[in-house]
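In what follows, a structure is listed as structure tokens, so that the remarks can point back to it.
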Number of protein chains: 2
Amino acid sequence: MEKKVMQTYLYDFYGELLTEHQRGVYEDFVLNDLSLSEIAQEAGISRQGVHDLVRRCDKVLEGYEERLHLLERFLKIKEKIARIQALTGGCRADGAMAEIAAISNEILEEL
Amino acid sequence: MEKKVMQTYLYDFYGELLTEHQRGVYEDFVLNDLSLSEIAQEAGISRQGVHDLVRRCDKVLEGYEERLHLLERFLKIKEKIARIQALTGGCRADGAMAEIAAISNEILEEL
């Protein structure tokens, strides 16, 4: 998995366990894709300071995943739902299969 | 949801964030269904001490769920997978629908 995608997932799962300050900087870097220099200027800290803070957040978030494995559980489910959805063949017309397609779609949007 | 069921879920999700001592006592109470007195005797602390410790663990685990809502997300998915499974009608015989039944079964066993 690409690093930013994994960071986005980890943040989505455990971001609330970071401090508000950490969240602000991490969101700017990972979700809003700002550069270290842009964030440094905005937050009034050094570029190195931002870099260290992002690395520290990575470690904290990875640490929670290492202990809880909840993202891993989600991703396994997501894979299976994608398989279910593929099996419905995008069918929208007939009874049960159409409803299964709709529900699996809904789940994938939530995950 | 029944209290012990909820405690079991919360422990399954966030139990790794308790201390080893907390986990031991909480498991005895919630998973192994021992009485406060039995646990007190085994752990060499007072019955009231066990009671307070279990309550404290409840608060810690509930606190994580209040911040992360990961159990809530899981339970919503679980409900939808159960609906998918119901739609397959327990069918095991024909192609796509049979595979959907098998996969949804697998997911439900994991959740």
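The values are calculated or read from the model by the stated rules, or taken from the named source; none is laboratory data. As the structure is a prediction and not an experimental result, all values here were calculated from the model. Note that each Cβ is placed from the backbone with ideal geometry, even for glycine, and that neighbours are counted across all protein chains shown.
Being without any contact (Cβ under 8 Å) to a residue 60 or more places away in the chain and surrounded by 12 or more Cβ atoms within 10 Å (Cβ to Cβ) narrows it down to one of A:ASP12, A:ASP33, so name that one. Steps first, answer last, please.
On the way: A:ASP33 fails: surrounded by 12 or more Cβ atoms within 10 Å (Cβ to Cβ).
From the options A:ASP12, A:ASP33, the qualifying one is A:ASP12.
Considering region A:88-111 alone, what residues qualify as being at pLDDT 80 or above and at the interface with chain B (Cβ under 9 Å from one of its Cβ atoms)?
Residues satisfying the conditions are A:GLU99, A:ILE100, A:ILE103, A:SER104, A:GLU106, A:ILE107.
Does region B:10-31 include one or more residues that are within 14 Å of another protein chain (Cβ to nearest Cβ), aliphatic (A, V, I, L, M) and part of a helix (DSSP H, G or I)?
Checked region B:10-31: at least one residue is within 14 Å of another protein chain (Cβ to nearest Cβ), aliphatic (A, V, I, L, M) and part of a helix (DSSP H, G or I).
Given the condition in a helix (DSSP H, G or I) and small (Gly, Ala, Ser), answer yes or no: does some residue in region A:59-69 qualify? First the steps, then the outcome.
Taking region A:59-69 as the starting set, the residues that turn out to be in a helix (DSSP H, G or I) are A:59-68.
Within this subset, residues satisfying the condition of being small (Gly, Ala, Ser) are A:63.
Yes; the residues of region A:59-69 include at least one that is in a helix (DSSP H, G or I) and small (Gly, Ala, Ser).
Could you grab me the full set of residues in region A:57-68 that are surrounded by 14 or more Cβ atoms within 10 Å (Cβ to Cβ) and not hydroxyl-bearing (Ser, Thr, Tyr)? Show your work before the answer.
Taking region A:57-68 as the starting set, the residues that turn out to be surrounded by 14 or more Cβ atoms within 10 Å (Cβ to Cβ) are A:57-58, A:60-62, A:64-65, A:68.
Once the filter is applied, which keeps residues that are surrounded by 14 or more Cβ atoms within 10 Å (Cβ to Cβ) and not hydroxyl-bearing (Ser, Thr, Tyr), region A:57-68 yields A:CYS57, A:ASP58, A:VAL60, A:LEU61, A:GLU62, A:GLU65, A:LEU68.
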